[in-house]
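Trainee: Right, I'll just put the structure down here and ask away after.
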Amino acid sequence: MKWSTVTTGVIGLIGSVLAQTDTTPFVDADTGITFQSYTSTDGITYRLALPAEASGDASYDVILQIVAPVELGWAGWAWGGAMTYNPLTVVWKNGNSVQFSSRQATLLGLEEGSGYYVPATYEDAKYTVLKGTGVNETHFKFTALCTGCASWTDFDGNPWILNGAGDTNFAYAFSNTPVEEPANQDSGFSIHDNVGRWIHDLGGARSDRFKEWVTTNTPALAIINIEKRAIAVMAPARKSKAHRPEPPSRTLILDNGAYTIKAGYVSGDAVDEPRVIPNCIARDRNKKIYVASELEKCTDFSEVAFRRPVEKGFIVNWEAEKDIWEHEFFDDKAPQPCDPSETRLLLAEPSNSLPVLQTNCDQVVFEEFGFASYYRGIGPSFNAYHDVQGILRTPRDPGTVAQLPAEILLLIDTGYSHTTITPILQGRPIHPAIRRLDVGGKLLTNYLTRLLSLRHYDMRNETYIVNEMKEAACYVSLDFKQDLERTWKGTRGERREDYHSGGGVARDYVLPDFHTRMKGIVREFDPVQASRARKLAAGRAGESSEDVLTLRNERFTVPELLFHPSDIGIRQPGIADLVMQSLRVLPIGLWPGLLSNIIVVGGNSLFDGFVERLQKEIVQLAPDECFVRVARPVDPITSTWLGGANLAKHEHINSLSVTKQEYEEFGAAWVSRKFATGLEP
């Protein structure tokens, strides 16, 4: 179910031939409706009839008709002349009947670099199927009354109404590939085989017989539904006795990261200290199993194997994740006992998650654990519920109350699986501008493991130890070329003083032996001891009581991948370039506010020099008139969790969350749409 991106779609449409529609009225024999009709060179016909009073001043209904060959997979009509941010009508043959689907493409499912995205279900266009809809031996025909096809909200949140008295551009797309589930309105369908655009004379499509045509061609059952809808609009709403239950007084906040889970409770205004729990099931060399927080009982991390339920930022193994949640929250001896029937769950998820993974998550929360209430939100947006100006150390009058959520914020989250750039406006992430870099703590650890295995010892089965080494010894260089020069050994036979003395960069890392030392130790490089260690390694290793690795350029070349992933062949820009990519899809008026409010969170932001280097690179790329500020919270690991805790105390949480009763009444698809909608503007 994919359409091409804005760039591909617009270029394709600009390159297509613009043709004036057939201005001769076409009378449909099955309905008696007089349409303005256009037939594409591919043999697909698009027809339209409007009420006599249609104009650009007020919204109005339309009658549309699409006629297509039966061998066609699907045909689509884009009402704004482009494939994004306007209503899409998609129709296809379903046996002896015709199925339709109301969609709108908003880039929510866009995968960085993929070139395609998924058009979501569009609820603001309502269709009433009219007579004259059916299938014959050669064609299928769809005729319907549409409320909401001629008016919508554009990307900037402004209302848009087609001028019913003039001409307008429409776009079409079609594919010869059949849809995945013909009987399902929400079916997936393939990318289009062709797109085009035409100019439609809306003024010529107007008629004072519009209401008559609607009445005479509306089936009886549909008339009843229309009348009910009209009554619902005109009649004042009555308060139902079946009121939504009171929200639970206790909220469990989970920042379910790939490396660790940050978990804790909020009860009223009381906020617990979050626990940082390893999100894994581990097995040591003696085949002993450790689940989540039991890992702290492990006394030998050599050759430990890990099973992690989160891959690339998404929960893909719910069997393992449920075991971890059970152990931490629901078992009799759970460290943080939880009664889900009296608890609301606030769960952080990464942006651009796959719908099937989101649906699985919702089912587990309500059907497996039975939480009373639940909200699944994009984790970076939780950081908008911090005192952002306090983090940035903005001078303020004493007693100034922080605005929650923050008005504008650019959040950079660099964690275990990946790094994301998320612009946030009034607590809502701007989805088309979200960018993802597939470099995180896991890749950095694996790269360091490879370097050490090539240069020192075989560390391929010691990723836990290497990860500790990375966190303790690595840093982000503020002058990469200079640091590289100081750690260069030189040509054969050359003695470089900086190399032999360490150049202020080299450090010795004493590996743990899990008898006398449970953790590795970083210490200053000692050239004399390093020479002695080389001699011992050459023939008298048994005399050494320590295993020492001398780290030189590994200390800064590993974190450098965050800024230059192409160093190891990853074809993605670095963080600073991704920030500018994100800004370029936004109105330039937002740039100053975003650039002056950049917050970095996640474990990789703890590297020494990370904030300073990032600010330096963004300043070089940003316009001169923009002021750039980059800051890191006191604890970037738990920052998202603390933002979620503030959200749990905010009035927004009641409108965002879904109760178990609503899930059972409206179903998983409704829950997904509600979470995707987020805060109302």
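The values are calculated or read from the model by the stated rules, or taken from the named source; none is laboratory data. Owing to the predicted nature of the structure, the values given are computational and were not obtained by experimental measurement. Cβ sites come from the backbone with ideal geometry, for glycine too, and all protein chains shown count toward neighbours.
Trainee: Please determine, by comparing only the residues of segment 45-76 that are of a type in the set (Gly, Ala, Ser) and either at positive phi or in a strand (DSSP E or B) (or both), which one is surrounded by the most Cβ atoms within 10 Å (Cβ to Cβ).
Mentor: Result: Ala49.
Trainee: Restricting to segment 269-282, and then to whatever is touching a residue at least 24 places away in the same chain (Cβ under 8 Å) and surrounded by fewer than 21 Cβ atoms within 10 Å (Cβ to Cβ), can you tell me which residue is nearest to His650 (Cα to Cα)?
Mentor: Asp269
Trainee: Identify the single condition in (1) under 22 Å from the mean Cα position of the chain (by Cα); (2) surrounded by 17 or more Cβ atoms within 10 Å (Cβ to Cβ) that Glu560 does not satisfy, given that it satisfies every other one.
Mentor: (1)
Trainee: Within segment 610-624, can you find the residues that are in contact with a helix residue (DSSP H, G or I) (Cβ under 8 Å, 6 or more places away or on another chain) and either assigned to a loop (DSSP other than H, G, I, E, B) or of a type in the set (A, V, I, L, M, F, W, C) (or both)?
Mentor: Of everything in segment 610-624, those that are in contact with a helix residue (DSSP H, G or I) (Cβ under 8 Å, 6 or more places away or on another chain) and either assigned to a loop (DSSP other than H, G, I, E, B) or of a type in the set (A, V, I, L, M, F, W, C) (or both) turn out to be Phe610, Val611, Leu614, Ile618, Leu621, Ala622, Pro623.
Trainee: For segment 150-182, which positions are more than 19 Å from Ile63 (Cα to Cα) and free of Cβ contacts under 8 Å to residues at least 40 places away in the same chain?
Mentor: Thr153, Asn158, Pro159, Glu181
Trainee: Would it be correct to say that Leu13 is at pLDDT below 90, not in a loop (DSSP other than H, G, I, E, B) and not hydroxyl-bearing (Ser, Thr, Tyr)?
Mentor: Yes, satisfied.
Trainee: Can you find a residue in segment 188-210 that is touching a Phe, Trp or Tyr at 6+ places or on another chain (Cβ under 8 Å), exposed (fewer than 13 other Cβ atoms within 10 Å of the Cβ) and modelled with pLDDT of 85 or more?
Mentor: no
Trainee: Suppose we filter segment 32-44 for residues that are surrounded by fewer than 16 Cβ atoms within 10 Å (Cβ to Cβ) and among the polar types (S, T, N, Q); how many remain?
Mentor: Of the residues in segment 32-44, 1 are surrounded by fewer than 16 Cβ atoms within 10 Å (Cβ to Cβ) and among the polar types (S, T, N, Q).
Trainee: Please verify whether segment 113-123 includes one or more residues that are modelled with pLDDT under 75, buried (at least 20 other Cβ atoms within 10 Å of the Cβ) and either closer than 21 Å to Leu354 by Cβ or over 28 Å from the mean Cα position of the chain (by Cα) (or both).
Mentor: Yes.
Trainee: Go through the residues of segment 235-253 one by one and say whether even a single one is among the basic types (Lys, Arg) and at pLDDT 90 or above.
Mentor: Yes - at least one qualifying residue is present in segment 235-253.
Trainee: Do any strands (runs of 3 or more DSSP E) entirely within segment 321-424 hold 1 or more residues that are in the same structural domain as Thr260 (by TED's automatic domain parsing) and either crowded, with 22+ Cβ neighbours inside 10 Å or hydrophobic (A, V, I, L, M, F, W, C) (or both), and if so, which?
Mentor: 343-349, 373-378
Trainee: Next up: Looking at Leu606, Leu590, Leu595, Leu656 in this structure, which one is surrounded by 15 or more Cβ atoms within 10 Å (Cβ to Cβ), in contact with a Phe, Trp or Tyr (Cβ under 9 Å, 6 or more places away or on another chain) and either farther than 27 Å from Pro355 by Cα or at pLDDT 95 or above (or both)?
Mentor: Leu595
Trainee: Here's another thing I want to ask about it. Would you be able to say whether some residue in segment 617-629 is among the acidic types (Asp, Glu) and touching a residue at least 40 places away in the same chain (Cβ under 8 Å)?
Mentor: Within segment 617-629 (the criterion being among the acidic types (Asp, Glu) and touching a residue at least 40 places away in the same chain (Cβ under 8 Å)), the answer is yes, since at least one residue qualifies.
Trainee: Now for a different question. Can you confirm whether segment 329-346 contains a residue that is under 17 Å from Val291 (Cβ atoms) and acidic (Asp, Glu)?
Mentor: Taking every residue of segment 329-346 in turn, at least one turns out to be under 17 Å from Val291 (Cβ atoms) and acidic (Asp, Glu).
Trainee: Also, quick follow-up: Is it the case that some residue within segment 611-626 is at pLDDT 95 or above, of a type outside the set (A, V, I, L, M) and crowded, with 24+ Cβ neighbours inside 10 Å?
Mentor: Within segment 611-626, one or more residues are at pLDDT 95 or above, of a type outside the set (A, V, I, L, M) and crowded, with 24+ Cβ neighbours inside 10 Å.
Trainee: Next question, about the same structure. Which of the residues that make up segment 659-669 are surrounded by 14 or more Cβ atoms within 10 Å (Cβ to Cβ) and either part of a loop (DSSP other than H, G, I, E, B) or hydrophobic (A, V, I, L, M, F, W, C) (or both)?
Mentor: Matches in segment 659-669: Ala668 only.
Trainee: Which of (1) modelled with pLDDT under 85; (2) of a type in the set (Gly, Ala, Ser); (3) exposed (fewer than 15 other Cβ atoms within 10 Å of the Cβ) does Gly569 not meet, given it meets every other one?
Mentor: (1)
Trainee: A follow-up question, please. Do you know which residues across segment 494-529 are within 15 Å of Arg455 (Cα to Cα) and either modelled with pLDDT under 85 or in a loop (DSSP other than H, G, I, E, B) (or both)?
Mentor: Ala506
Trainee: Does segment 476-493 contain any residue that is under 26 Å from Pro350 (Cα atoms) and in contact with a helix residue (DSSP H, G or I) (Cβ under 7 Å, 6 or more places away or on another chain)?
Mentor: yes
Trainee: A further question on this structure: Do we find a residue being within 15 Å of Leu88 (Cα to Cα) and either of a type in the set (A, V, I, L, M, F, W, C) or without any contact (Cβ under 8 Å) to a residue 24 or more places away in the chain (or both) anywhere in segment 206-218?
Mentor: No; the residues of segment 206-218 include none that is within 15 Å of Leu88 (Cα to Cα) and either of a type in the set (A, V, I, L, M, F, W, C) or without any contact (Cβ under 8 Å) to a residue 24 or more places away in the chain (or both).
Trainee: If you check Gln389 against the conditions, is it within 22 Å of Thr638 (Cα to Cα) and either at pLDDT below 95 or out of contact with any Cys (no Cβ under 7 Å at 6 or more places or on another chain) (or both)?
Mentor: For Gln389, the condition - within 22 Å of Thr638 (Cα to Cα) and either at pLDDT below 95 or out of contact with any Cys (no Cβ under 7 Å at 6 or more places or on another chain) (or both) - is met.
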